[in-house]
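Enquirer: Quick one: the structure is below, questions incoming.
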Amino acid sequence: MRIEEAAPGGEGPERRDAVVVGTGVCGIYQLHRLREMGLDVVALDANPAPGGTWWMNRYPGARFDSESYTYGFSFARELLEEWTWSERFSGQPENLRYLDFVVDRLDLRRLMRFDARVEAARWDDARGLWRIEIEGARPIECRWLFLGIGVLSRPTMPRIEGIGDFKGPSFHTYHWPHEGVDLAGKRVGVIGTGATGIQVIAEIADKVGSLTVFQRRPNWSAPLNNGPISADEMADIKTRYDEIFATCAASPGGFEHIPERTGFWEATPEQRRALWDRLYDQPGFGIWLSNYKEIFFDETANAEFSDYIAERIRRRVTDPATAEKLIPKDHGFGWARVPLETRYFEAYNRDNVRLVDISETPIERVTETGIRTTAEDHELDLIVYATGFDAVTGAFDMLEVEGRDGVKLNRKWTPDPSTWLGMMSHGFPNLFTPSGPQSSSASVNYPRSIEMCVNFVSTLMEQALARGVERIEPTQAAEDAWVRHVREMYDMLLLRKSRSWFTGYNSNIEGREIGKVRHIVYNGGAPKYQRILERTAAEGFRDLIFDGQAPRTPEEVSPAIPVKA
Ligand code: NAP
């Protein structure tokens, strides 16, 4: 199976069996599985170290909103036993230390190559190989290519005049300087109030001289309710990992938060309120994911719950006019990914914090000394752009991925991606995207989804290697069926109406401002996705073309497990 020995220092491309691009959560686990199969594999990362999103996002307040102990890898008992989480929702430094620990414990670092920016990957159909072009380095040829390049790894800056004119420091949160920033006494402006903006604003409000928040649209948000994990609690968690991960696997979001069983309309208004009071004080996503299922698809139920959260915001913000500005009016709670906060709303009660509603007084331009809106000039020492990402497909667009017959992946995925189970794409043989569009990676507790996806493609690889298969590609018909299913899931949920990255909206990218939904996320939930993957494997991956062989009919494959998707 090994394609050829690598020719170290030799002429021409380096040869490997497999290449993984990215060394974040996805790349780490995928690399481990491929090495376990005995493949000659290397992982490439443009960063100087592993960690992906947790390497990059150094802004103050960056932390999990998944319970830490549900975020760690579940596949290796020794990792679970040896690692101790200090907080229920741990912060970026600890999260990065954890990923470093995993890399070293599994002895993966020597298979990783850093400062290696992949520019292109081109399929050589005659030879059945991918050619990986790396900035300033020798290309690599490989049979199997895995892209674990993140779902939120391409930041987007606003299209505002004068950004380059500002004389002080300014950066996107994704590029927060690793050496830290002295905020004391500084006049800081933050643009953006998504999950990132909400974390950074709450964290720095009492550390800066003054803080001006430029908000275009508010977001629904609820308390994170973080706290330390005591030694006793951690010891208990370590005895319960099997149970914890089983609960995550059974929940749509891949968390410990299980949807409320009672129907919204079966409960009285008082019972509903009692549930919401309880959930509001609970840690994590319970307020969203342990709620009545109806809030995800029934607009009336959602409106009643949104009114409840609006009341909570009014109680927490002293100035009624500011409170009203912080309450979304154009969408309901949970239509978009919910940011969780720690004393975010209270930040606006501080004398040094000011909310500027740029839907009323839009930004005209950035000047040498600050930000000019239609109403006034705001003098600033530092500007922070918390303006989001070209989500899910953005990282893929940064590489030139060229498949069979010269077809480019970014062309194929414009305006809407088209994949098989979110993990392969017709016309791109031997290319796997375990964190790719239309997988559950963006909609489920990330590592829980990544383990599902990596386990699936690894099972496929093991079977292919055992059978001596050298080329795998999904049929167009199977891909079309998956895309239809992905769209049906969007159609069922209120989130289809939101202007958020889940629907492909990003005002900073031409053509993505309004209107058409991009179906970039699988919204069917973790258990359903897992059932589909299990059934696909049990049926012998009959949607795939192996070495040019037409897929087998259902009768020819091993008996299907009757699983209802
Ligand atoms: P985001 O949710 O897309 O929010 C971007 C914000 O910037 C929005 O408030 C948006 O306003 C504003 N904005 C964008 N362009 C603008 C412009 N040209 N002018 C003015 N305002 C502009 O991005 P994000 O906050 O980085 O979060 C993205 C995702 O990252 C989250 O949904 C979450 O999945 C993940 N995340 C996770 C954590 C965690 O706790 N683990 C923390 C942070 C982020 P509009 O709404 O008006 O467009």
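Enquirer: Residue by residue through the stretch 496-509, which ³J(HN,Hα) values in whole Hz follow from phi under the Karplus form 6.51 cos²θ - 1.76 cosθ + 1.60 (θ = phi - 60°), with glycine and proline marked x?
Expert: For the stretch 496-509, the Karplus curve yields 4, 8, 7, 9, 8, 5, 4, 9, x, 6, 6, 5, 8, 10 Hz.
Enquirer: Moving on. Summing +1 for each Lys or Arg and -1 for each Asp or Glu, what net charge is found among the other residues whose Cβ lies under 15 Å from the Cβ of Arg365? Spell out each step's value before the answer.
Expert: Numbers: positive: Arg159, Lys167, Arg372; negative: Glu161, Asp165, Glu364, Glu368, Glu376, Asp377, Glu379.
Its environment carries a net charge of -4.
Enquirer: By its C-alpha gyration tensor, with a ≥ b ≥ c as the square roots of the eigenvalues, how is the stretch 93-193 shaped: rounded for a/c under 1.5, else prolate for a/b larger than b/c, else oblate? Intermediate results must be reported in sequence, preceding the final value.
Expert: Details: a/c = 3.02, a/b = 1.67, b/c = 1.81.
Cα axes put the stretch 93-193 in the oblate bin.
Enquirer: Using a basic spin-label model with each label point 7 Å from the Cα along Cα→Cβ, how many nm lie between Arg542 and Arg217?
Expert: Those two pseudo-labels are separated by 4.4 nm.
Enquirer: Within 10 Å, count the other beta carbons around each residue, average over each peptide in 514-522, 165-173, and list them highest first.
Expert: 514-522, 165-173
Enquirer: Give the residue list of trypsin sites (Lys or Arg not before Pro) in the stretch 243-305 that are DSSP loop and have at most 13 other beta-carbon atoms within 10 angstrom. Before the final figure, lay out the partial values.
Expert: Numbers: sites: Arg261, Arg272, Arg273, Arg278, Lys293; in loops: Arg261.
Sparse-neighbourhood loop trypsin sites (Lys or Arg not before Pro): Arg261.
Enquirer: Net charge near Ser74, counting Lys/Arg +1 and Asp/Glu -1 over other residues with Cβ under 15 Å of its Cβ? Before the final figure, lay out each step's value.
Expert: Working: positive: Arg33, Arg77, Arg105, Lys238, Arg240, Arg448; negative: Glu67, Glu78, Glu81, Glu82, Asp242, Glu243, Glu256, Glu451.
Local charge sum for Ser74: -2.
Enquirer: Moving to a separate point now. Of Val454, Val338, Asn506, which is farthest on the positive side of the dipole of the chain, counting Cα position, with +1 on Lys and Arg Cβ, -1 on Asp and Glu Cβ, and the Cα centre as origin?
Expert: With unit charges placed on the Cβ atoms, the residue in question is Asn506.
Enquirer: Now for a different question. Using only Cα atoms, locate the centre of the stretch 112-142 and the centre of the stretch 370-389, then give the distance between them in Å, rounded to an integer.
Expert: Here the answer is 40 Å between Cα centres.
Enquirer: Need one word for the stretch 353-511: rounded, prolate or oblate. Basis is the Cα gyration tensor (sqrt eigenvalues a ≥ b ≥ c); a/c below 1.5 gives rounded, then a/b vs b/c decides.
Expert: prolate
Enquirer: At what distance in nm do the modelled label points of Ser230 and Glu161 sit from each other, each positioned 7 Å from its Cα along Cα→Cβ?
Expert: Going by the 7 Å Cα→Cβ label model, 6.0 nm.
Enquirer: List the residues whose amide H sits under 5 Å from the amide H of Glu341, counting only those 5 or more places along or on another chain, with H placed 1.01 Å from N in the peptide plane.
Expert: The answer is Ala222, Leu224.
Enquirer: Using the heavy atoms of the protein chains and a 1.4 angstrom probe, tell me the accessible area per residue for the chain in square angstrom. Provide the component values of the computation, followed by the final result.
Expert: On the way: 22720 Å² over 565 residues.
Per residue, the chain has an accessible area of 40 Å².
Enquirer: With r as the distance between the Cβ atoms of Thr262 and Arg467 and R0 = 51 Å, compute the FRET efficiency 1/(1 + (r/R0)^6) and round to 0.05.
Expert: Working: r = 49 Å, r/R0 = 0.97.
Given R0 = 51 Å and the Cβ-Cβ separation, E is 0.55.
Enquirer: Follow-up question, since we're still on this one. Over the stretch 254-339, calculate the relative contact order: mean separation of alpha carbon pairs under 8 Å at least 6 apart, over the residue count, as a percent.
Expert: After rounding, I find 27 percent.
Enquirer: Over the chain, with every protein chain in place, what whole percent of the accessible area is carbon and sulfur at 1.4 Å, could you tell me?
Expert: 49
Enquirer: List the residues, sorted by chain then number, that are 5 or more residues from His426 or on another chain and whose placed amide H is less than 5 Å from its amide H.
Expert: Trp420
Enquirer: Assuming a ≥ b ≥ c are the square roots of the Cα gyration tensor eigenvalues, decide whether the chain counts as rounded (a/c under 1.5), prolate (otherwise, with a/b larger than b/c) or oblate.
Expert: Prolate is the answer for the chain, as a/c is 1.5 or above and a/b outweighs b/c.
Enquirer: Give me, ordered by chain and number, the residues 5 or more places off Val21 or on other chains with an amide H under 5 Å from its own placed amide H.
Expert: Counting only residues 5 or more places away or on other chains, the set is Leu44, Phe146, Leu147, Gly148.
Enquirer: Sticking with this structure for a sec: Through the Karplus equation 6.51 cos²θ - 1.76 cosθ + 1.60, θ set to phi - 60°, convert the phi angles of the stretch 45-52 into ³J(HN,Hα) values in whole Hz; use x for Gly and Pro.
Expert: For the stretch 45-52, the Karplus curve yields 9, 5, 6, x, 7, x, x, x Hz.
Enquirer: I would also like to ask the following. Can you give the longest run of the chain that contains no GluC sites (Glu not before Pro) sitting in a DSSP loop with at most 13 other Cβ atoms inside 10 Å?
Expert: Between the exposed loop sites, the longest stretch runs 180-359.
The values are calculated or read from the model by the stated rules, or taken from the named source; none is laboratory data. Quantities reported herein were computed from a predicted structural model and do not represent experimental measurements. In this analysis, Cβ positions are derived from the backbone assuming ideal geometry, glycine residues included, and neighbour counts consider all displayed protein chains. Note: accessible area is taken over every heavy atom of the protein model, side chains too, but ligands, DNA and RNA are not part of it. Shrake-Rupley method; radii C 1.70, N 1.55, O 1.52, S 1.80 Å.
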